[in-house]
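Please read the structure below before turning to the comments.
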Amino acid sequence: MNRFGNVLITAAAVLVLVFGVSGMAAAQEGPIKVGVAGAHSGDLASYGIPTVRAATLVVEERNEQFGGIDGKKIELLVEDDVCKPEIATNTATKLVSDGAHVVIGHICSGATKAALGIYNDQKLVTMSPSATNPALTQSGDYPNFYRTIASDDAQARLQVDYALKEMGLKKLAVIHDKGDYGKGLAEFAKKFIEDEENAEVVLYEGVTPGAVDYSAVVQKVKRSDADGVIFGGYHPEASKIVMQMRKKKMDIPFISDDGVKDDTFIKVAGEYAEGVYATGPRDTSKNPIAKKAVEQHKAKYGEDPGAFFLNAYAAAMALLNAIDVAGSTDYDGITKALQSEFVATPLGIIRFDERGDAIGIGFSMYQVQNGKYVELEE
Amino acid sequence: MDWEYFFELLLGGLTRGSIYALIALGYTMVYGIIELINFAHGEIYMIGAFTALIAANVLTMLGMNELAVLVLASVVAILYSAAYGFTVEKIAYKPLRQAPRLSPLISAIGMSIFLQNYVLLAQTSDFLPFPSLIPELEFMEPIAHIISSAEVIIILTTAVVMILLTLLIKYTRIGKAMRATAQDRSMAMLVGVNVNRVISTTFVIGSALAAVGGVLIASHIGMINFYIGFIAGIKAFTAAVLGGIGSIPGAVLGGMVLGWTESFATGYVSSDYEDVFAFALLVIILIFRPAGILGRSTTQKV
């Protein structure tokens, strides 16, 4: 009986696999199935629910206005992974066997990584609105993966590119505040500079947050003969360092991060803040699609949207657009469309690079000009 | 060897040391007289800086010139801080004078937390810009890239304050009363020294010095918030212990040694290990001279 049971289960599994795989080919006739995976319950649900809502809004609108894509209705398959890697693999298997054509998700980097291998084996395009771990795109292990959020190292990348290419700096001092955020960014910046041939890191130092003064570090920067400073950390330390540099008549560029792109920095450093560069998220408040998306959310759910809503909205739009352009749910077609077609989303007009990171999403360089942060044109 | 760099680090360390020393003087005076580590001292320094900021803003609005703003803001800060020091002693330490030594220590920590949160609630948790009240002196311009006018003034003030305090304690009536109280409180009382008044005076002088430090340092650094007293206080306390707590020249020497250690450690090794060097030095000095560099070791009478 026991052996017979095993045979039955195996047979069932084979059947599921066969139908699962053949289902992909056959589904060209049926509806287009979009999987939505992420944390929909548990303590991280607030990160996942907005994505479900964003996908629902985009899909409903598309179905109402155009009757889906090429006459085929779009269906959502919503699966919960509770942000746990061990559950995410089950979620992924479930979506694959239910015949999803593309997947929006997952939400947490760990769960996304666990699920990606399964989607990759099945050649399913997967797009996360929120997984920021740099390795997901940069390792090259997951050619099926895309995301509509900047990876953790994007700020450092932008800082280094701006310093080396736009400003032509050659010798950089990289300073950080020894914290997770600041040191993490500084390490990426250091690595990116070292990867370039015509630039070098002449000084790499951590400073103690809250110390009464930073004159010794400032003297060290001066002695290192750096032609620019990249600082990873928050505004209290940044303003002290900038003020001491300027008082010591050092006017080399000071480039920092989102932790410094704060009006308090300008208020405290005053005239010394002028000319300081800082990276920050691109301004989406004036984007008409973003405004419309937020209005739709308020009308349907009666409240302001939650975390990663606009990122998920952009992901859903980008995926539907790619299927539309490709004319099918074929993996190669979608991949080509994602990497070649620009699409207007709440986060701006975007397309994806070959690694899967969105071009046009992420951070801009800002500079303090006349007491205000001004977004610099690229 | 790059002598200019060495010299810059030396001056940087001197400024930093003077900052520590100005605050350390308050710790060491109070300890010398009632053997209490006044943890609220850093907060008095912070309150001095806040008062000076408010006063300076008001005076600038009234259209006064720079020098008048500096002098008047300092006077307001000194009076205000001295009043705080006086009150703190009356509320938190005087009722505990006969209690075991741990009680006033806990009371001091409580006072420190109370004052921090009081300023947090009454003012703000944000960093505030502090105007550079110390004018840039013109004859300093050629060497401004090595040392600024503000730094020179901080160093000079520390030296002057140390000399004045030493003279006060050695040659004045109140100084004599202070030394008597420090040696033996009940004996001093028996020979007619008003011990309560001596202790109050000590707190007032210490707090006034903290206010001077607050004005000068905040104006040099250019920003303040409610938390600056804590870190400055810890470092100044370390300096006081290093130099020999209870000793006035010791506090200044301790401040300098600490400032130089941090400055040279940053300059020649790495600022990642600034605090490691500072506290390693503290441990080494206390192993060889348990009472600090200039401290007197007192033998306990059994």
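The table for this structure:
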{"item": "Set A:LEU164, A:LEU169: member being within 20 Å of A:ALA226 (Cβ to Cβ), in a loop (DSSP other than H, G, I, E, B) and at pLDDT below 95", "result": "A:LEU169"}
{"item": "Selected residue (criterion: farthest from the chain's Cα centre (by Cα)) from residues of region B:1-37 that are of a type in the set (Asp, Glu) and open to solvent by 20 Å² or more (accessible area, probe 1.4 Å)", "result": "B:ASP2"}
{"item": "Residue identified as in contact with a Leu (Cβ under 7 Å, 6 or more places away or on another chain) and either assigned by TED's automatic domain parsing to the domain that holds A:ALA344 or part of a helix (DSSP H, G or I) (or both) among A:ALA111, A:ALA92, A:ALA100", "result": "A:ALA100"}
{"item": "Test: residue in region B:38-56 that is free of Cβ contacts under 8 Å to residues at least 24 places away in the same chain and surrounded by fewer than 23 Cβ atoms within 10 Å (Cβ to Cβ)", "result": "yes"}
{"item": "Matching residues, region A:177-213, being more than 8 Å from chain B (Cβ to nearest Cβ) and under 26 Å from B:SER18 (Cα atoms)", "result": "A:ASP177, A:PRO209"}
{"item": "Answer residue from region B:58-78, given it is touching a residue at least 24 places away in the same chain (Cβ under 8 Å) and of a type outside the set (Gly, Ala, Ser) and is nearest to B:LEU216 (Cα to Cα) among those", "result": "B:LEU70"}
{"item": "Verdict on B:ALA144 being surrounded by 11 or more Cβ atoms within 10 Å (Cβ to Cβ) and modelled with pLDDT of 85 or more", "result": "no"}
{"item": "Filter result for the condition that a residue is without any contact (Cβ under 8 Å) to a residue 24 or more places away in the chain and either more than 21 Å from A:ASP357 (Cβ to Cβ) or open to solvent by less than 10 Å² (accessible area, probe 1.4 Å) (or both), over A:ASP195, A:ASP180", "result": "A:ASP180"}
{"item": "Filter result for A:VAL229 (within 27 Å of B:GLY17 (Cα to Cα) and within 11 Å of chain B (Cβ to nearest Cβ))", "result": "no"}
{"item": "Meets criteria (of a type in the set (Gly, Ala, Ser), modelled with pLDDT under 95, surrounded by 12 or more Cβ atoms within 10 Å (Cβ to Cβ) and over 16 Å from A:SER130 (Cβ atoms)) for A:GLY38", "result": "no"}
{"item": "Residue match in region A:353-376 (condition: in a loop (DSSP other than H, G, I, E, B), out of contact with any His (no Cβ under 7 Å at 6 or more places or on another chain), outside the structural domain of A:VAL34 (by TED's automatic domain parsing) and open to solvent by 50 Å² or more (accessible area, probe 1.4 Å))", "result": "yes"}
{"item": "Some residue of region B:153-170 being at pLDDT 90 or above and assigned to a loop (DSSP other than H, G, I, E, B)", "result": "no"}
{"item": "Condition check for A:VAL268: part of a helix (DSSP H, G or I) and over 23 Å from A:GLY35 (Cβ atoms)", "result": "yes"}
{"item": "Residue in region B:155-176 that is open to solvent by 30 Å² or more (accessible area, probe 1.4 Å) and within 14 Å of chain A (Cβ to nearest Cβ) present", "result": "yes"}
{"item": "Number of the condition not met by A:MET243 [criteria: (1) at pLDDT 90 or above; (2) within 30 Å of A:ALA55 (Cα to Cα); (3) over 26 Å from the mean Cα position of the chain (by Cα)]", "result": "(2)"}
{"item": "Test: residue in region A:128-140 that is under 30 Å from A:ASP227 (Cβ atoms) and either open to solvent by 20 Å² or more (accessible area, probe 1.4 Å) or in the same structural domain as A:LYS220 (by TED's automatic domain parsing) (or both)", "result": "yes"}
{"item": "Any pair with Cβ under 7 angstrom, 6 or more apart, that starts in region B:134-147 at a residue that is without any contact (Cβ under 8 Å) to a residue 12 or more places away in the chain and ends at one that is open to solvent by less than 100 Å² (accessible area, probe 1.4 Å) and of a type outside the set (A, V, I, L, M, F, W, C)", "result": "B:HIS145/A:LYS248"}
{"item": "Residue within region A:321-342 that is hydroxyl-bearing (Ser, Thr, Tyr), at pLDDT 90 or above and assigned to a strand (DSSP E or B) present", "result": "no"}
{"item": "Subset of region A:271-296 (residues that are among the hydroxyl-bearing types (Ser, Thr, Tyr) and either away from chain B (no Cβ under 13 Å) or in a loop (DSSP other than H, G, I, E, B) (or both))", "result": "A:TYR277, A:THR279, A:THR284, A:SER285"}
{"item": "Residue selected from region A:207-261 under the condition among the β-branched types (Val, Ile, Thr) and in a loop (DSSP other than H, G, I, E, B), by the criterion surrounded by the most Cβ atoms within 10 Å (Cβ to Cβ)", "result": "A:VAL260"}
{"item": "Spans of helices (runs of 4 or more DSSP H) in region B:184-302 with at least 3 residues buried (at least 24 other Cβ atoms within 10 Å of the Cβ) and within 14 Å of chain A (Cβ to nearest Cβ)", "result": "B:195-221, B:228-243, B:248-264"}
{"item": "In region B:71-112, the residues that are open to solvent by 60 Å² or more (accessible area, probe 1.4 Å) and not in a helix (DSSP H, G or I)", "result": "B:GLN98, B:PRO100, B:ARG101"}
{"item": "Residues of region A:275-306 satisfying the condition of being over 19 Å from A:GLY348 (Cβ atoms) and surrounded by fewer than 19 Cβ atoms within 10 Å (Cβ to Cβ)", "result": "A:GLY275, A:LYS298, A:ALA299, A:LYS300, A:TYR301, A:GLY302, A:GLU303, A:ASP304, A:GLY306"}
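The values are calculated or read from the model by the stated rules, or taken from the named source; none is laboratory data. Computed from a prediction, not measured in an experiment: that's the story for all the values here. Methodologically, a virtual Cβ is constructed for each residue, glycine included, from the backbone with ideal geometry; neighbour enumeration extends over all protein chains shown. Remember, those area values only see protein heavy atoms, side chains included, never the ligands or the DNA or RNA. Shrake-Rupley method; radii C 1.70, N 1.55, O 1.52, S 1.80 Å.
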